[in-house]
Amino acid sequence: MLYYLSWVPAALPVLLAVTGVSYFGGLALQKRQETQKSTRTLFVFFLLFPLSFLLVCKYTAFFARCVQHVLQFAGSKDTIAIPSMLLPVGISFFTLQAVSYLADVRSGKLPAETNFITYLLFMSFFPSVTSGPISRAPDLLPQLREKQTAHYSAVKHGLVRILWGLFLKLVIADRISPWVGLIYGKPGTYAGWPMWSAVLLYGFEIYTDFAGYTHIACGAAMLFGIRLPENFDLPYLSRSVREFWRRWHMSFSFWLRDYVYIPLGGSRCSKKRKYANVMATFAVSGLWHGAGLNYLTWGLLHGAYQVAGGVLAPVRKKACQKLHLKENNALRVVFSTVFTFALVDFAWIFFRCDTLAGAGAVIAALGGKSSLHFFQLLHDSFTNGAPGFWLVVGCIALLTVLACVQYRCGSLYKKWLALKAPVQWATLLLLFLVVSICGVYGPAYSAQSFIYAMF
């Protein structure tokens, strides 16, 4: 509670209200089930309460702007005052946990939690309350009920994960962020190579930023003997957008699958209905990230990628047969991986820009040309100049190599644990020095907030 208060004190009542209502909602649903009565009305009632907080706090201004645009389109000169609403930190994350808890109690996946303090801990567990991972009650609540004892192995794994997360966040993501902000801020001025570099690097910035947070959160939880769900599994090595969403922000992707996509009908229906379900699910994904047409477009674009992939699957299969390209053919693997990354990275433009007009300007700038000398601009404006840029490039190359090796050979962390103790300590010391020097050093260094804290 003190940790949450240190962010925005006025937001704490929202967290407590969502926690209290969903707690009593679970008890009421279970009591209703024991009497073998219908729980639909009760479930909808308790579901709407946490969702109403999310809708009011996060989407009031968005709905007001939409109404304003409709009025202007209709020729009206009336204006609507855009309200400024309090946006509690992590509201999207703890709201989804409350919704999944109520759904799981209603479906009988777990009994309702009777200890309010335990349930409060589930809803406000400090490593994940601001940006996830989104925990499921059947996985986390049993761990919170048990007595956890600190032991060397858990502390070691936790600290290693925290250190790796700090490397991703401080050395890579925070070094890229000012450059991306500069280039995206004036796309007309920085057309051509600067814009290409910013678009490409943002894909790595958002990955290392969010994956870094996840490692820190999971590592902090491990210090207390708690295991949080994993969020990333080499997403940029995916060979299709569908596979990407099985590897990216997995706790959220699986939440969408279980509580939106499947209830809509999933894939057990006609193809048209299936594709409609996909588009609806990704529309929810886009709007969950932010109240703006740019986020909605980003979500729908990912949905369209998957629909197009399903429609064109027979064509791809015939083409590969004619070219005698087997499933694991090296050329086919490399092409599909690079093509998938290009699609995902293009969609990040809409995610990064605040408006559709801004995204259009960025896309137009990709085909333009700037009078500025690219490497001189790097020297003058990149964090720590050209050396900072090449440090980022080297780190991204290292991550790519490690990811490729892990993709083919399995967990590198397990292989590292099998090494002798002096080698492990030397590796950790080197990583600690890199984070200490390259992560916080230099006049151009600028600490950045976690990207997903704003969602």
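The values are calculated or read from the model by the stated rules, or taken from the named source; none is laboratory data. From a predicted model like this one, the values you see are computed outputs, not experimental measurements. Backbone-built Cβ (ideal geometry, glycine too); neighbour counts: all protein chains shown. The protein model used for the area step is the full one, side chains on, heavy atoms only, and it has no ligands, DNA or RNA in it. Shrake-Rupley method; radii C 1.70, N 1.55, O 1.52, S 1.80 Å.
Things to note:
- Residue list for the range 1-34, restricted to those being open to solvent by 80 Å² or more (accessible area, probe 1.4 Å) and either aliphatic (A, V, I, L, M) or not in a helix (DSSP H, G or I) (or both): Met1, Leu2, Ser6, Trp7
- Considering Phe94, Phe45, Phe63, Phe49, the condition of being over 27 Å from the mean Cα position of the chain (by Cα) and not in a loop (DSSP other than H, G, I, E, B) is satisfied by Phe45 alone.
- At least 3 residues being among the aliphatic types (A, V, I, L, M) and touching a residue at least 12 places away in the same chain (Cβ under 8 Å) is the threshold, and among the helices (runs of 4 or more DSSP H) wholly inside the range 370-424 those reaching it are 385-409.
- Residue satisfying condition, being part of a helix (DSSP H, G or I), without any contact (Cβ under 8 Å) to a residue 24 or more places away in the chain and under 22 Å from the mean Cα position of the chain (by Cα), within set Ala308, Ala217, Ala283: Ala283
- Of all residues in the range 395-439, those that are among the small types (Gly, Ala, Ser) and either closer than 14 Å to Leu168 by Cβ or in contact with a helix residue (DSSP H, G or I) (Cβ under 8 Å, 6 or more places away or on another chain) (or both) total 2.
- Which listed residue is touching a residue at least 24 places away in the same chain (Cβ under 8 Å) and of a type in the set (A, V, I, L, M, F, W, C), from Val362, Val338, Val334: Val362
- Cys409 vs. criteria open to solvent by 60 Å² or more (accessible area, probe 1.4 Å), at pLDDT below 95 and not basic (Lys, Arg): yes
- Failed item, numbered, when Val315 is tested on (1) open to solvent by 40 Å² or more (accessible area, probe 1.4 Å); (2) among the β-branched types (Val, Ile, Thr); (3) touching a Leu at 6+ places or on another chain (Cβ under 7 Å): (3)
- Taking each residue of the range 128-146 that is touching a residue at least 12 places away in the same chain (Cβ under 8 Å) and looking for partners that are in a loop (DSSP other than H, G, I, E, B) and of a type in the set (Phe, Trp, Tyr) with beta-carbon atoms closer than 8 Å, six or more apart or interchain, yields Thr130/Trp7; Thr130/Phe450; Ser131/Phe450; Ser131/Phe455; Ser135/Phe125; Leu140/Phe125; Leu144/Phe125.
- Meets criteria (in contact with a Leu (Cβ under 6 Å, 6 or more places away or on another chain), open to solvent by 70 Å² or more (accessible area, probe 1.4 Å) and over 17 Å from His289 (Cα atoms)) for Asp104: no
- Within the range 256-265, being in a helix (DSSP H, G or I) and either open to solvent by 20 Å² or more (accessible area, probe 1.4 Å) or touching an Asp or Glu at 6+ places or on another chain (Cβ under 9 Å) (or both) holds for Arg257, Asp258, Tyr259, Val260, Tyr261, Ile262, Pro263, Leu264.
- The single condition from (1) assigned to a helix (DSSP H, G or I); (2) among the basic types (Lys, Arg); (3) open to solvent by 10 Å² or more (accessible area, probe 1.4 Å) that Arg268 fails is (1).
- Just one of the listed residues (Phe73, Phe94, Phe53) is over 20 Å from Leu5 (Cα atoms) and among the aromatic types (Phe, Trp, Tyr), and it is Phe73.
- Residue in the range 439-450 that is more than 25 Å from the chain's Cα centre (by Cα), open to solvent by 60 Å² or more (accessible area, probe 1.4 Å), of a type in the set (A, V, I, L, M, F, W, C) and under 29 Å from Phe232 (Cα atoms) present: no
- Residue check: Tyr119 meets all listed conditions (1) part of a helix (DSSP H, G or I); (2) hydroxyl-bearing (Ser, Thr, Tyr); (3) open to solvent by 10 Å² or more (accessible area, probe 1.4 Å) but one, namely (3).
- Inclusion of Tyr275 among residues that are open to solvent by 30 Å² or more (accessible area, probe 1.4 Å), of a type in the set (Phe, Trp, Tyr) and at pLDDT 95 or above is not warranted.
- Selected residue (criterion: most open to solvent (accessible area, probe 1.4 Å)) from residues of the range 171-197 that are in a helix (DSSP H, G or I) and without any contact (Cβ under 8 Å) to a residue 24 or more places away in the chain: Gly185
- Only residues that are exposed (fewer than 14 other Cβ atoms within 10 Å of the Cβ) and touching a residue at least 40 places away in the same chain (Cβ under 8 Å) were counted across the range 64-101, and they come to 1.
Condition check ((1) farther than 29 Å from Ala453 by Cβ; (2) at pLDDT below 90) across all residues:
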{"residue": "Leu27", "(1), (2)": "yes, no"}
{"residue": "Cys57", "(1), (2)": "no, yes"}
{"residue": "Val70", "(1), (2)": "yes, yes"}
{"residue": "Gly90", "(1), (2)": "no, yes"}
{"residue": "Thr118", "(1), (2)": "no, no"}
{"residue": "Phe122", "(1), (2)": "no, no"}
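- Of all the listed residues (Phe224, Phe167), the sole one being modelled with pLDDT of 95 or more and aromatic (Phe, Trp, Tyr) is Phe167.
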